[in-house]
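Have a look at the structure below, then the notes.
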Amino acid sequence: MKYALRGITAEEISYNMNRIKIDPNQRVEIKPQFARGVKRVKEDDKLYFLTLEVKIEATDDNPTPFNLKCRLVGAFVAEEIASKEDEQLLVLSMTEIVYPYLRSTVAAVTANAFIAPINLPVVPITAIFPEQPMPADGAVS
């Protein structure tokens with residue numbers, strides 16, 4: 001299997017401040033929610049797009065001082081994908097390549113919003129996205 005990153009694009013970046021009152025002794029818990037999607041171009045089966053997204057949103061149970069959404073898309077060219085295991089490894093590898101850019105973007109956005117920068121965890125990608133079997137039709141979803 002061979003693959004290469006062709007580029008990364010920020011598809012959506014948003015930050016909204018929530019004007020909530022936080023007591024000095026109250027602890028705010030930031031719970032990032034991650035999502036990932038992979039698409040292969042039908043006209044060029046070597047071209048893959050990995051979408052990686054993180055959201056931090058206030059809820060009634062967990063008010064946060066801000067809402068944040070960041071979605072990046074990585075474009076990859078991949079060859080010699082011979083099996084479902086190769087496809088799963090490709091998805092994992094693409095995620096590992098794009099994730100540090102997502103971390104950096106979130107830290108920069110929050111720092112530029114004049115709050116303490118949010119540093120997403122440095123953990124194995126399988127801890128954030130437990131691997132799931134590929135669809136039966138062989139398409140990457």
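The values are calculated or read from the model by the stated rules, or taken from the named source; none is laboratory data. From a predicted model like this one, the values you see are computed outputs, not experimental measurements. Because the Cβ atoms are built from the backbone with ideal geometry, glycine has one as well, and the counts that use them run over all protein chains shown. Accessible surface areas use protein heavy atoms only, side chains included; no ligands, DNA or RNA. Shrake-Rupley method; radii C 1.70, N 1.55, O 1.52, S 1.80 Å.
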Computed ³J(HN,Hα) along the stretch 43-56: with the Karplus parameters 6.51/-1.76/1.60, θ = phi - 60°, integer Hz and x for glycine or proline, the list is 6, 9, 5, 8, 9, 10, 10, 10, 9, 10, 9, 10, 10, 10
Magnitude of the Cβ-charge dipole (Lys and Arg +1, Asp and Glu -1) of the chain about the Cα centre, nearest 20 debye, reported as 500 debye
For the chain, averaging the sequence separation of alpha carbon pairs under 8 Å that lie six or more residues apart and dividing by its residue count, the contact order in percent is 27 percent
Under the 7 Å Cα-to-Cβ spin-label approximation, Arg6 and Ile30 lie apart by a distance in nanometres of 3.4 nm
In the chain, taking the dipole from +1 charges on Lys and Arg beta carbons and -1 charges on Asp and Glu beta carbons about the Cα centre, the listed residue (Thr95, Val41, Asn119) farthest towards the positive end is Asn119
Expressed per residue, the solvent accessible area of the chain in Å² (1.4 Å probe) is about 62 Å²
Listed by chain and number, the residues whose amide H is under 5 Å from that of Ile30, excluding neighbours fewer than 5 places away on the same chain and using placed H, are none
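Please report, as a whole percent, how much of the solvent-accessible surface of the chain comes from carbon and sulfur atoms (probe radius 1.4 Å).
For the chain, the apolar C and S fraction of the accessible surface comes to 50 percent.
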Helix 84-112: inclination vs the chain longest Cα principal axis, degrees, rounded to 10, gives 30 degrees
Taking the chain, the lysine pairs whose C-alpha atoms sit under 16 Å apart (8 or more places apart or on different chains) add up to 7
